[in-house]
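The values are calculated or read from the model by the stated rules, or taken from the named source; none is laboratory data. As the structure is a prediction and not an experimental result, all values here were calculated from the model. Cβ coordinates were reconstructed from backbone atoms using ideal geometry, including for glycine residues, and neighbour counts include every protein chain displayed. Side chains included, ligands, DNA and RNA excluded: accessible areas come from the protein's heavy atoms. Shrake-Rupley method; radii C 1.70, N 1.55, O 1.52, S 1.80 Å.
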Amino acid sequence: MATPMELLRSKMSRVRIPEPTNRVYKQECCVSFDTPRSEGGLYVDMHTFLAFGKDYVEWNYAKTGNPVYLHIRQTRKAVSEDRPLKKPTLLAIGLEGGFDKQEPEYEETYSIVVLPDYVSLPFPSVELPEKVRLAVDSILLAEGAERKEQIASWIADKKKVSAFAMDLQQIDNGVVVPPSGWKCCKCDKVENLWLNLTDGMIFCGRKNWDGTGGNNHAIEHYNETKYPLAVKLGTITADLETADVFSYPEDDSVEDPLLAQHLAFFGIDFSSLKKTEMTTAERELDQNTNFDWNRIQESGQEVEPLFGPGYTGLVNLGNSCYLASTMQVIFSTHSFCSRYYERQSLKTAFENAPADPTLDLNMQIIKLGHGLLSGRYSVPIKETDETGNDSTSTSNVKQEGIAPRMFKAVVAASHPEFSTMRQQDALEFFLHLLDQVERANSGNAEMDPTRSFKFGIEERLMCPSGKVAYNKRTDYILSLSIPLHEATNKEQLEAFNKLKSARSLEGKSVSADEIVRPRVPLEACLACFSAAEEVHDFYSTALDSRTTAVKTAGLTTFPDYLVLHMRKFVMEEGWVPKKLDVYIDVPDIIDITHLRSKGIQPGEELLPESVAREENAGSSEPLANELIVSQLASMGFNYLHCQKAAINTSNAGIEEAMTWLLSHINDPDIDDPIPTGTGNTDFLSVDQASLDTLISFGFQEEVARKALKASGGNIEQATDWIFSQPDISSSMDMDATTSSAQNTVDAGLSDGGGRYRLMALISHIGTSTHCGHYVAHILKNGKWVIFNDSKVGASIDPPKDMGYLYFFERINS
């Protein structure tokens, strides 16, 4: 029988030494939320560098045959309860000398494990093969891929190549930079040092607001010499992409494609250097993620912590509360629970996932679903006393929650905003998520959970001739205006405004307890949606002139889950955003039966569509749908621009035209007149080769032609456009003229009665959707629960009147 060492040596072909560009996962399992701190620790595949928890590593062995793993375990060190708090010397968090966060400390141990029999060999050990020792050292020294992605996200925009990099002048002044022992040329600073790439001089960085950092000598040197680029010493490694290069004239971190050449000029061999300093992005990440919201928020309520299946918190990754609140609500719906938890096992998802499951949306949604709903990670944190025994704390009990890093990385990969660490709009993220999920399930509509949110909207326009036009679209949310004039507490508001004016004359302000906010019933907001609205400058084909039409709207279907968006953020004069300080009185049960659209009615006569076409017979003049044009124009857009938007999207609908208009508003030819009567058909023409390509993919010619027009002839964008319009092939004419056409558009949408029960709400604290904090309240088993990032507890007083997004579940009779 072979010894453990002989067994390891026989598997050496399956061991690789990671290169600087390899993604190394060592902090989190790629199919679960197990970490080195979990029972059983974490196993890092020494061939692919993917990590797996104890219950999942055998799946990877069965799938790949990779037998050698680095086993990492972290155990909490005993902490004395009477440990004195360090007195802060800096007004900072996450920095030496800052506030003592009393974070637990962990001891890390390693071993080499060979599957399938879990044969273990200790590490470190000089008896291990050199290749194994080098591989483990490289894995342990490597920046974890999980943290790399976080750091990359903190950089708001992808670093741009500096305009000064390619032609950078370097002075041959005999300077040779040693591999270590650096010091500022003007002071004694030995950290936060920057090498000027023109003259090789080393200076300290800028002084921070709290007194830390350098003495500004690097930027002073630039001001004197105008030498533009500098690189931070200590961030230079074999992976040059991670080096921190700063451009003073561009005032930003930049990319230097010739950095290796620029370093070699001063005798620097970058391949031998080790990382000793944080980059600017890394330092910002540390300071933000260590900032614990719950420690500075005084809720004033003692919330009873909840644990178990469905009560798992989500760790704030740094401004990720918009994602956390949205996903908690999403996974409280039957459609998403069924699709990604009840009907889909982790093992099957992993077996069907690509070689790198961290990049697969389906795998990561399923992973998140199992993490939130299984209860595996929703347990009280175990404290360790001085004797090393575990004991569940009875005071201030909480859970660690799970960190949705891999999910966020993959769902946000295609979005320039969600891939950053800036705060985002929860509504925009909700719609982006549904779009991604719908695309991922495009080949299997029955499995698509987004259908439970989708519904049809029909708009009816009547011109003074008495004739009507109908326009239909689908949506996931019902966006509601808030009619402040419908407030039910007008007398109290009037008294408050008088008090406010009187205090103002005295040079005083009202206290928080004295503030009175308008209270508007939700019924009034719903009434605004369906109320008649004037559409000015509407072109009537019946009157052959521009006039004022009357528009009303209704729903053609009622979804399983109705999402109401309260338009609390409005634009004041001068395009200044403002948040309405208002309460919405929302009942637990609503009935929207009266909002159902009835479609074309007996005796109604549709506006003719053929008049303009007949007048232009034989002419190549493109025709814009006046309904779409008028709606866009009523929003304040230039009428010609609106016509072009409708034409270039083949009159597909108001949303498509709006998207085109916003992306082409700065085109140099946007104000050019539309070609008329010249025989020129290029304005609406599409490339035949591109058209044939799309047809070869199996798309209908009419659909392919419309997609190419909407995407400016780009095949890839045209394909995306088609997949984002799942009903397009069955609803080519967006202006319904018959009830049968309406039924075709509504095909595949869920429908039922109009009675709904409030099941969740997402509230926002702050002055803008892009700052502040989001919190979710969800009705579970008849009781309201608050989800505040990783904090989950029984809600004492859910703020039903302060919601930004309301989620209602249809009551099935």
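Which residue is nearest to Gln643 (Cα to Cα), if the candidates are limited to segment 589-620 and must be modelled with pLDDT under 70 and either among the aliphatic types (A, V, I, L, M) or surrounded by 18 or more Cβ atoms within 10 Å (Cβ to Cβ) (or both)? I'd like the intermediate steps shown before the answer.
Of segment 589-620, the ones modelled with pLDDT under 70 are 609-620.
Checking which are either among the aliphatic types (A, V, I, L, M) or surrounded by 18 or more Cβ atoms within 10 Å (Cβ to Cβ) (or both) leaves us with 611-612, 617.
Details: Val611: 18, Ala612: 14, Ala617: 19 Å.
Of everything passing the filter in segment 589-620, Ala612 is nearest to Gln643 (Cα to Cα).
Where in segment 241-313 are the helices (runs of 4 or more DSSP H), entirely inside, with at least 3 residues that are at pLDDT 80 or above and under 30 Å from Phe331 (Cβ atoms)?
Details: elements: 259-264, 280-289, 293-296.
Where helices (runs of 4 or more DSSP H) fall fully within segment 241-313, none carries at least 3 residues being at pLDDT 80 or above and under 30 Å from Phe331 (Cβ atoms).
Quick one: which strands (runs of 3 or more DSSP E) lie wholly within segment 481-573 and hold at least 3 residues that are free of Cβ contacts under 8 Å to residues at least 24 places away in the same chain and farther than 30 Å from Leu749 by Cβ? Spell out the reasoning first.
Values: elements: 519-521, 533-540, 545-555, 561-566, 569-572.
Correct list: 569-572.
Given Glu438, Glu446, Glu417, which one is of a type in the set (D, E, K, R) and touching a Ser or Thr at 6+ places or on another chain (Cβ under 9 Å)?
Glu438
Test of understanding: among Lys709, Lys644, which residue is out of contact with any Lys or Arg (no Cβ under 9 Å at 6 or more places or on another chain), assigned to a helix (DSSP H, G or I) and at pLDDT 70 or above?
Checking each option against the conditions leaves just Lys644.
Out of (1) of a type in the set (Val, Ile, Thr); (2) at pLDDT below 95; (3) more than 25 Å from Thr225 (Cα to Cα), the odd one out for Val176 is which?
(3)
Could you give every pair whose Cβ atoms fall below 9 Å, whose first residue belongs to segment 56-68 and is under 18 Å from Ser345 (Cβ atoms), and whose second residue is open to solvent by 70 Å² or more (accessible area, probe 1.4 Å) and in a helix (DSSP H, G or I), counting only separations of at least 6 or pairs across chains?
Taking only residues 6 or more apart or on different chains, the pairs are Tyr56/Lys347; Trp59/Lys347; Trp59/Glu351; Ala62/Glu351; Lys63/Glu351.
Taking Tyr56 as the residue in question, decide whether it is farther than 26 Å from Glu105 by Cα and open to solvent by less than 60 Å² (accessible area, probe 1.4 Å).
Numbers: farther than 26 Å from Glu105 by Cα: yes; open to solvent by less than 60 Å² (accessible area, probe 1.4 Å): yes.
Yes, satisfied.
For residues in segment 119-140 being part of a helix (DSSP H, G or I), open to solvent by 50 Å² or more (accessible area, probe 1.4 Å) and in contact (Cβ under 8 Å) with a residue 24 or more places away in the chain, which is farthest from Ile72 (Cα to Cα)? Before you say what the answer is, go through the steps one by one.
Our first condition is that a residue be part of a helix (DSSP H, G or I); within segment 119-140, this holds for 130-140.
Among the residues that remain, those that are also open to solvent by 50 Å² or more (accessible area, probe 1.4 Å) are: 130-131, 133-134, 137, 140.
Checking the rest, the ones that are also in contact (Cβ under 8 Å) with a residue 24 or more places away in the chain come to 131, 134, 140.
Working: Lys131: 18, Leu134: 16, Leu140: 10 Å.
So the residue we want is Lys131.
Given the options Val516, Val535, Val510, Val550, name the one that is surrounded by 13 or more Cβ atoms within 10 Å (Cβ to Cβ) and out of contact with any helix residue (DSSP H, G or I) (no Cβ under 7 Å at 6 or more places or on another chain).
Being surrounded by 13 or more Cβ atoms within 10 Å (Cβ to Cβ) and out of contact with any helix residue (DSSP H, G or I) (no Cβ under 7 Å at 6 or more places or on another chain) holds for just one of Val516, Val535, Val510, Val550, which is Val550.
Rundown of residues vs (1) open to solvent by less than 70 Å² (accessible area, probe 1.4 Å); (2) among the hydroxyl-bearing types (Ser, Thr, Tyr); (3) under 20 Å from Leu128 (Cβ atoms), yes/no style:
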| position | (1), (2), (3) |
| --- | --- |
| Glu6 | no, no, yes |
| Ser10 | no, yes, yes |
| Asn22 | yes, no, no |
| Thr64 | yes, yes, no |
| Val68 | yes, no, yes |
| Lys77 | no, no, no |
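Taking the options Lys500, Lys490, Lys454, name whichever one is modelled with pLDDT of 90 or more and surrounded by 14 or more Cβ atoms within 10 Å (Cβ to Cβ).
Values: Lys500 fails: modelled with pLDDT of 90 or more; Lys490 fails: surrounded by 14 or more Cβ atoms within 10 Å (Cβ to Cβ).
Residue meeting the stated conditions: Lys454.
So, in segment 621-639, how many residues would count as being modelled with pLDDT under 75, under 15 Å from Ile674 (Cβ atoms) and in a loop (DSSP other than H, G, I, E, B)?
Residues meeting the conditions: 3.
Just the residues that are polar (S, T, N, Q) and modelled with pLDDT under 95, please, taken from segment 14-34. Walk me through it before giving the result.
In the first step, residues of segment 14-34 are kept if they are polar (S, T, N, Q); the result is 21-22, 27, 32.
Once the filter is applied, which keeps residues that are polar (S, T, N, Q) and modelled with pLDDT under 95, segment 14-34 yields Thr21, Asn22, Gln27.
Going through Ala760, Ala736, Ala741, Ala776 one at a time, which residue ends up being touching a helix residue (DSSP H, G or I) at 6+ places or on another chain (Cβ under 6 Å), surrounded by 19 or more Cβ atoms within 10 Å (Cβ to Cβ) and modelled with pLDDT under 65? Break it down into steps so the answer makes sense when it comes.
Numbers: Ala760 fails: modelled with pLDDT under 65; Ala741 fails: touching a helix residue (DSSP H, G or I) at 6+ places or on another chain (Cβ under 6 Å); Ala776 fails: modelled with pLDDT under 65.
On inspection, the qualifying residue turns out to be Ala736.
Regarding segment 191-211, can at least one residue be identified that is modelled with pLDDT of 95 or more, assigned to a loop (DSSP other than H, G, I, E, B) and surrounded by fewer than 19 Cβ atoms within 10 Å (Cβ to Cβ)?
Yes: one or more hits.
Taking segment 638-656 as the region of interest, how many residues are free of Cβ contacts under 8 Å to residues at least 40 places away in the same chain and open to solvent by less than 30 Å² (accessible area, probe 1.4 Å)? Spell out how you get there, then give the answer.
The first filter runs over segment 638-656 and keeps only residues free of Cβ contacts under 8 Å to residues at least 40 places away in the same chain, leaving 638, 640-647.
Subsequent filtering for residues that are open to solvent by less than 30 Å² (accessible area, probe 1.4 Å) retains 641-642, 644-647.
Qualifying residue count for the region: 6.
What residue, among those in segment 216-246 that are touching a residue at least 60 places away in the same chain (Cβ under 8 Å) and crowded, with 22+ Cβ neighbours inside 10 Å, is farthest from the chain's Cα centre (by Cα)?
That would be Leu229.
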